[in-house]
Amino acid sequence: MKDISKSLSANELLELLFKYITDISSSKDYDEILELLANMGRALTNADRCSMWMVSADKQEISTKIAHGIEQITISMGSGIVGSAIENRTKIIIDDVYRDNRFNIEIDKQSGYRTKSMLVVPMYDNNNNVIGAFQAINRQGEQDYFDKRDIERLTLASTYAAETIVALKLEQEIIDTQKEVVFTMGAIGESRSKETGNHVRRVAEYSKILADAYGLSKEESEILKYASPMHDIGKVAIPDKILNKPSYLNQYERKIMDSHTEFGYEMVKNSNRPLLQAAAIVAHEHHEKWDGSGYPQGLSGEDIHIYGRITALADVFDALGSDRVYKKAWRDEEIFELIKKERGKHFDPQLVDIFFENKDRIFQVRKKFEDRYDELNCFRSDKNSIKILGAYGTKASGYGTSSIALDNSVTIDAGNLLDALGDSSIDIEHIWLTHSHLDHIVDIAYILDNYFIQRKKKLYIYGLPETIQALKENFLNDTLWPDFSKIALTDSKDMAVEYREIEIAARYEIGENKYLEPFGTDHTVASCGYIYTQQKSAIMIATDTYSLENIILLLQERNNIKSLIIECSFPNSMELLAKESKHLTPSLLFDQLKSLKRRDIKIYINHIKPIYIDLISLEIAEYKGDFDVKILKDEDFLYF
């Protein structure tokens, strides 16, 4: 650097500017660039010190980002000489700051430094907004004060600095936006398969830990951290019935599922952005295996990109340790045993060793981003829960009819078992019916027919005597459908179906600390609802009814009932049909609920006819008053 105690000639000035501009343009580090800009300002003005002040996002404060000789300072907008220059959008030149009452002499007393001359030049962005200021202090050399020439030179520096800072912020904003988009796209891919957003967060953090320990550069590790959440983005092209199938996939379904790697690669392969290029690699290769037995390309060893190898291990570890629609989480010991077994087969041996060396850090990430079960679609042993298999009042494309799972083997009604459960319908052993209408019973026929060979246990069907009689005479009657109560299970003497009649107000134990109590409802056929109690909490499942008199009486008596599932089939304009068919509209429902003295009950609405869902939703919002109301949809989990 030139001796700043002497005045710079024109050639020296050009040489100095060229040097700093070259250094600044070759740097990518924000703080390093700011320091180079401050150094350039100091050299151009022969100052002893130079500071760069930046305006805060809320425009309430200014602070030194780079300040020669002092720690960072933050002051309120308009304070001091620099604040005055920024607020008033003016250049300030002072020969002796001790004569200016805007200067805080205490700063010099604390530091032991004597500030004398000062030059401040505001910086502007492309929209002419002040974004900060250059501050030069104590001109060196024979002339100890700043002059017009120094103002011109610092103005030149401030203009270049402002353009550089704006470009840096824009570039960083673009990078941050890319990261956010990639992360969000990854989360979308997972959400379609009923995983939580925390899965991609954990995989991202695990990948960075492994990448750092493997020896990748800081930049590569950071790229992988933000690219790895895109590993399953191709799942957006997989049909829901395969993606969310709660049992194992057949050969045809497995082929379709495996294609998500190709779909994901094709989605992002043409981008020139390093982050999306990395995402394409991760999406394409995270199911390749070290021994060459993976897919889609059958790559092996180091022919698999390190991004793919790292993400593979991170994804498998997290997937095994998490509840999924088709399995429960494995215990850690089981996961570790599998990872060790797959060392040199599925996984890169070096990465397996690194994984175990960094196990504590990985556990910290898992704890920090653990799943919140309100997001996770699974039954919980530590919380009372039910799952809505079908929430609507008639069959339509994408809408399931009445059925609620109390656990993996017990349901109330059977309107939508096959679509909702798939092969897991085999596990249903107990169906408690509210009444005999088709939309509540239809899938009894199909789960028996589809899975007759696979079923090893009989299906118990519970209902009021009238309901059981209707099924025997009009449904499973050897005319409309086979009478499975007369057909023995394969390799068993037990019949496929056994009917059991229930009584209103009786209490039936259906599991440990789990009880069902039928109560009377008001419908066109004999009907009931159920109070389902787990531990000491209860939810009332009313389904189809018109009069709420009995329901309100029970809610007033039973303080442990905190939730009510109730129908609302038709819009207000169809009140006559609702009354004749013993159903409810929003006005009929909430006019009756006004007499309920409690307001601590969560109201869940089901049995809406899909064609009227938008209109009924608006009318519910209008009539609900101070009740806490939610409209149910298929696959909702309710915790009570």
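The values are calculated or read from the model by the stated rules, or taken from the named source; none is laboratory data. Not measured: the values here are computed from a predicted model. Note: ideal-geometry Cβ built from the backbone for every residue, glycine included; neighbour counts use all protein chains shown. Surface areas here come from the heavy atoms of the whole protein model, side chains and all, with no ligands, DNA or RNA. Shrake-Rupley method; radii C 1.70, N 1.55, O 1.52, S 1.80 Å.
Exactly one condition in (1) assigned to a loop (DSSP other than H, G, I, E, B); (2) open to solvent by 10 Å² or more (accessible area, probe 1.4 Å); (3) under 28 Å from ALA396 (Cα atoms) is false for THR545; which is it?
Only one criterion is unmet by THR545, namely (2).
Residues that are buried (at least 20 other Cβ atoms within 10 Å of the Cβ): find the strands (runs of 3 or more DSSP E) completely inside the range 449-534 holding 1 or more of those. Working first, answer last.
On the way: elements: 459-463, 497-501, 508-511, 514-520, 528-534.
Filter on the range 449-534 gives 459-463, 497-501, 514-520, 528-534.
Determine the pairs where a residue that is surrounded by fewer than 19 Cβ atoms within 10 Å (Cβ to Cβ), located within the range 207-221, has a partner that is outside any helix (DSSP H, G or I) with Cβ atoms under 8 Å apart, the partner being 6 or more residues away or on another chain.
ALA213/ASN358
Need a quick list: helices (runs of 4 or more DSSP H) entirely within the range 225-321 having at least 2 residues that are surrounded by 18 or more Cβ atoms within 10 Å (Cβ to Cβ) and not hydrophobic (A, V, I, L, M, F, W, C). Can you show your working first?
On the way: elements: 240-243, 251-258, 260-268, 274-285, 306-320.
Those helices (runs of 4 or more DSSP H) span 260-268, 274-285, 306-320.
Filter the range 408-426 for residues that are of a type in the set (Asp, Glu) and at pLDDT below 90; which is least open to solvent (accessible area, probe 1.4 Å)? Spell out the reasoning first.
Taking the range 408-426 as the starting set, the residues that turn out to be of a type in the set (Asp, Glu) are 413, 419, 423.
Applying the additional criterion that residues be at pLDDT below 90 yields 419, 423.
Values: ASP419: 121, ASP423: 48 Å².
This residue is ASP423.
Quick one: what pairs do we get from the range 606-629, first residue in contact (Cβ under 8 Å) with a residue 12 or more places away in the chain, second surrounded by fewer than 12 Cβ atoms within 10 Å (Cβ to Cβ), C-beta under 6 Å, 6+ apart or different chains?
Close Cβ pairs satisfying both conditions: ASP626/ARG599.
Just need a number here: residues in the range 614-636 that are closer than 21 Å to GLY398 by Cα, open to solvent by less than 30 Å² (accessible area, probe 1.4 Å) and of a type outside the set (Asp, Glu).
The qualifying residues number 2.
Among the residues of the range 248-259, is there at least one that is touching a residue at least 60 places away in the same chain (Cβ under 8 Å) and under 24 Å from the mean Cα position of the chain (by Cα)?
We begin by selecting, within the range 248-259, every residue touching a residue at least 60 places away in the same chain (Cβ under 8 Å); these are 248.
Cutting the leftovers down to under 24 Å from the mean Cα position of the chain (by Cα) gives us none.
The answer is no; no qualifying residue exists.
Here is a check on your reading of the model: is ARG343 modelled with pLDDT of 95 or more, open to solvent by 70 Å² or more (accessible area, probe 1.4 Å) and farther than 28 Å from HIS430 by Cβ?
Details: modelled with pLDDT of 95 or more: yes; open to solvent by 70 Å² or more (accessible area, probe 1.4 Å): yes; farther than 28 Å from HIS430 by Cβ: yes.
Answer is yes for this residue.
Of all residues in the range 44-69, which are in a loop (DSSP other than H, G, I, E, B), modelled with pLDDT under 85 and either under 17 Å from SER117 (Cα atoms) or in contact with a His (Cβ under 9 Å, 6 or more places away or on another chain) (or both)?
Start the filter on the range 44-69 by keeping residues that are in a loop (DSSP other than H, G, I, E, B), which leaves 46, 56-60, 68-69.
Within this subset, residues satisfying the condition of being modelled with pLDDT under 85 are 57, 68-69.
Result: HIS68, GLY69.
For the range 452-468, state whether one or more residues are under 36 Å from the mean Cα position of the chain (by Cα) and hydrophobic (A, V, I, L, M, F, W, C). Please lay out each step first, then the result.
First, pick out the residues of the range 452-468 that are under 36 Å from the mean Cα position of the chain (by Cα): none.
No: zero hits.
Any idea which residue in the range 477-513 is farthest from the chain's Cα centre (by Cα), counting only those that are of a type in the set (Phe, Trp, Tyr) and closer than 28 Å to ALA538 by Cα?
Here the answer is TYR499.
Yes or no: the range 524-532 includes at least one residue that is under 32 Å from the mean Cα position of the chain (by Cα) and in contact (Cβ under 8 Å) with a residue 24 or more places away in the chain. Spell out the reasoning first.
Going residue by residue through the range 524-532, those that are under 32 Å from the mean Cα position of the chain (by Cα) are 532.
Next cut, in contact (Cβ under 8 Å) with a residue 24 or more places away in the chain only: 532.
Looking through the range 524-532, at least one residue is under 32 Å from the mean Cα position of the chain (by Cα) and in contact (Cβ under 8 Å) with a residue 24 or more places away in the chain.
Please note which strands (runs of 3 or more DSSP E) are completely contained in the range 79-168 and include at least 1 residues that are touching a residue at least 12 places away in the same chain (Cβ under 8 Å) and of a type in the set (S, T, N, Q). First the steps, then the outcome.
Values: elements: 92-94, 118-124, 130-139.
So the answer is 130-139.
Answer with yes or no whether HIS440 is buried (at least 22 other Cβ atoms within 10 Å of the Cβ), assigned to a loop (DSSP other than H, G, I, E, B), of a type outside the set (Ser, Thr, Tyr) and touching a Leu at 6+ places or on another chain (Cβ under 9 Å).
Working: buried (at least 22 other Cβ atoms within 10 Å of the Cβ): yes; assigned to a loop (DSSP other than H, G, I, E, B): no; of a type outside the set (Ser, Thr, Tyr): yes; touching a Leu at 6+ places or on another chain (Cβ under 9 Å): yes.
Against the criterion (buried (at least 22 other Cβ atoms within 10 Å of the Cβ), assigned to a loop (DSSP other than H, G, I, E, B), of a type outside the set (Ser, Thr, Tyr) and touching a Leu at 6+ places or on another chain (Cβ under 9 Å)), HIS440 does not qualify.
Filter the range 398-407 down to the residues that are of a type outside the set (Gly, Ala, Ser) and surrounded by 22 or more Cβ atoms within 10 Å (Cβ to Cβ), then identify the one that is nearest to ASN513 (Cα to Cα).
Keep residues of the range 398-407 that are of a type outside the set (Gly, Ala, Ser), which gives 399, 401, 404, 406-407.
From what's left, surrounded by 22 or more Cβ atoms within 10 Å (Cβ to Cβ): 401, 404, 406.
On the way: THR401: 28, ILE404: 19, LEU406: 13 Å.
Here the residue is LEU406.
Within the range 604-613, take every residue that is within 29 Å of the chain's Cα centre (by Cα) and of a type in the set (A, V, I, L, M) and give me the one that is surrounded by the fewest Cβ atoms within 10 Å (Cβ to Cβ).
Applying the filter and picking the extreme gives ILE613.
Tell me, yes or no, whether the range 549-563 has at least one residue that is in contact (Cβ under 8 Å) with a residue 40 or more places away in the chain, closer than 22 Å to ILE431 by Cα and surrounded by fewer than 16 Cβ atoms within 10 Å (Cβ to Cβ).
No, that holds for no residue.
Within the range 427-437, work out how many residues are assigned to a strand (DSSP E or B) and open to solvent by 30 Å² or more (accessible area, probe 1.4 Å).
Keep residues of the range 427-437 that are assigned to a strand (DSSP E or B), which gives 430-432.
Restricting the remaining residues to those that are open to solvent by 30 Å² or more (accessible area, probe 1.4 Å) gives 430.
Residues that pass the stated criteria total 1.
Would it be correct to say that PRO571 is farther than 27 Å from TYR639 by Cα, in contact with a helix residue (DSSP H, G or I) (Cβ under 6 Å, 6 or more places away or on another chain) and touching a residue at least 12 places away in the same chain (Cβ under 8 Å)? Spell out the reasoning first.
On the way: farther than 27 Å from TYR639 by Cα: yes; in contact with a helix residue (DSSP H, G or I) (Cβ under 6 Å, 6 or more places away or on another chain): yes; touching a residue at least 12 places away in the same chain (Cβ under 8 Å): yes.
Here the answer is yes, as PRO571 does meet what is asked.
Can you run down the residue pairs with Cβ atoms below 8 Å, 6 or more apart or on separate chains, where the first is in the range 414-428 and closer than 15 Å to LYS633 by Cα and the partner is of a type in the set (Phe, Trp, Tyr)?
Every condition considered, the pairs that remain are LEU417/TYR446.
Taking the stated definitions as given, is VAL352 under 24 Å from SER217 (Cα atoms), among the aliphatic types (A, V, I, L, M), assigned to a helix (DSSP H, G or I) and without any contact (Cβ under 8 Å) to a residue 40 or more places away in the chain?
On the way: under 24 Å from SER217 (Cα atoms): yes; among the aliphatic types (A, V, I, L, M): yes; assigned to a helix (DSSP H, G or I): yes; without any contact (Cβ under 8 Å) to a residue 40 or more places away in the chain: yes.
Criteria met by VAL352.
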